[in-house]
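Here is the structure we will look at, set down as structure tokens.
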Amino acid sequence: MKVNLGINTCFALKRWPRPADWASVVRNELGLDLVELSLDLVEGVETFAGSRDAVERHRAALEANGLQAHATFTGLAAYTLDLLMHPDPVRRATALQWYRAMVDLTVALGARATGGHVGAMSVPDWRDPERRAERWDGLKRDLEIIAAHARSAGLEYLLVENMVTVRDPSTMAQVEELLTEGDAEHVPWRLCLDVGHHCVPGTTGAERDPYAWLQRFGGRLGEVQLQQTDGLADHHWAFTEEHNAIGIIEPAKVLETLAAGGAETVDLIFEIIPGFEDPDDQVVTDLRASVDLWRSAIDVRGLGG
């Protein structure tokens, strides 16, 4: 098994919004070279000129700091939306067009994949069996359309993330339905497995065990998003001594489980979201501690890329 260690740029929200600034933190403070671009920080893309400027600034920052764009990711703003399962068909159509545009932007940025949050049902739709089935079937149709567009645009694959509410794709069975192998006309939909999302209300047993997920989906992962968690909530903690004392995510156990699950090449991406009130210097210190912990576990096993 080969492991690539990287970071989602969500850590930079409201702190280092300019690509040149967060790119310097990633390279010079954290010593990483792989990034996942949060779309929250790819700003001004509503117009052609703005999109071209954003692409130029990001590509310049990546090149200047020796960074590789692994993927783009939907981000926190999109996470608040119902997207492809919105109860209003006009909003669903808008979300589909947004996803297609995101594919094109990702190609222009030089990344291999895009995805993340694909949709959430409203409470009324979820509670009505007929509408629930309709929304779910519609989601799968839209994902197929996006996969076809991604193939023609030149992406390698798409990412669907396991989420934290019952109205999102959040169980093993639901995720299984959305993953695809791809074909000549469609790229695959692969799992972005967030190890802190196994706190879905009403679930029990293996559904709430991140290691059971790693074992089951190990050979079909697009990436693993890393955060420390106590298993009770979606904290997105850094891997600090304080949080590791109560956290359930252990680097050695994650790596061993991935290997046992048949993983061959794995992108491990930190998705650490500091509190906006946290001191800025402490944020960097905590991120560096997280990188050091995981890099040590990877190196001692000879798994580095």
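The values are calculated or read from the model by the stated rules, or taken from the named source; none is laboratory data. This is a predicted model, so every value here is computed, not measured. All Cβ positions, glycine included, derive from the backbone under ideal geometry; neighbour counts span all protein chains shown. To get the accessible areas, we keep the full protein, side chains included, count just its heavy atoms, and leave off ligands, DNA and RNA. Shrake-Rupley method; radii C 1.70, N 1.55, O 1.52, S 1.80 Å.
General remarks:
- Mean ellipticity per residue at 222 nm, deg cm²/dmol - from DSSP H runs of n ≥ 4 across the chain, formula -39500 (n - 2.57): -13000 deg cm²/dmol
- Qualifying GluC sites (Glu not before Pro) in the range 14-95, DSSP loop, other Cβ atoms within 10 Å at most 11: Glu46
- Most fluctuating residue given options Met172, Met102, Met121, as computed from a GNM of the chain linking Cα atoms under 10 Å: Met172
- Cα gyration tensor shape of the range 240-305, rounded if a/c is under 1.5, else prolate or oblate by comparing a/b with b/c: prolate
- Net charge in the neighbourhood of Gln227 (other residues with Cβ under 9 Å of its Cβ; Lys, Arg +1, Asp, Glu -1) is -3.
- The apolar share of the surface of the chain, taken as the fraction of accessible area on carbon and sulfur atoms (1.4 Å probe, ligands and nucleic acids excluded), comes to 50 percent.
- Other residues within the sphere of radius under 10 Å centred on the Cβ of Ala69, judged by their own Cβ, net out at +1 (K and R +1, D and E -1).
- Förster radius 51 Å - calculated FRET efficiency between Ser122 and Gln68, Cβ distance, rounded to 0.05: 0.85
- Label-to-label distance for Ala245 and Asp21 is 3.3 nm, based on points extended 7 Å past Cα in the beta-carbon direction.
- Full-extension gain in nm, Glu177 to Arg131, via 0.36 nm per residue minus C-alpha separation: 14.8 nm
- Value of relative contact order over the chain, rounded to a whole percent, pairs C-alpha under 8 Å and six or more apart: 19 percent
- Cross-link reach list, lysines versus Lys253, counting only Cα pairs under 16 Å and skipping chain neighbours closer than eight places: Lys2
- Net charge contributed by nearby residues that have their C-beta within less than 11 Å of Ile248 (K/R +1, D/E -1): -1
- Here the chain is scanned for trypsin sites (Lys or Arg not before Pro) in DSSP loops (not H, G, I, E, B) that have at most 15 other Cβ atoms within 10 Å, and the longest stretch holding none of them is 16-300.
- Note on the chain: GNM, Cα springs under 10 Å; of Val195, Val103, Val123, the largest mean-square fluctuation is that of Val123.
- Shape category assigned to the range 64-192 from the gyration tensor of Cα positions, a/c cut at 1.5: prolate
- Rolling a 1.4 Å probe over the protein heavy atoms gives the range 226-273 an accessible area of 41 Å² per residue.
- In the range 178-249, Cα pairs under 8 Å separated by at least six residues give a relative contact order of 29 percent.
- Within a Gaussian network of the chain (alpha carbon springs, distance under 10 Å), most fluctuating of Glu256, Glu181, Glu242: Glu242
- Accessible area per residue in Å² at 1.4 Å probe, computed on the range 81-220: 41 Å²
- Distance between the modelled labels on Lys14 and Asp88, one decimal in nanometres: 2.7 nm (7 Å Cα→Cβ projection).
- Residue-span extension gain [Glu185 to Thr203] - 0.36 nm each, minus C-alpha spacing: 2.9 nm
- Taking a ≥ b ≥ c as the square roots of the eigenvalues of the alpha carbon gyration tensor, the range 119-217 is oblate, as a/c is not under 1.5 and a/b does not beat b/c.
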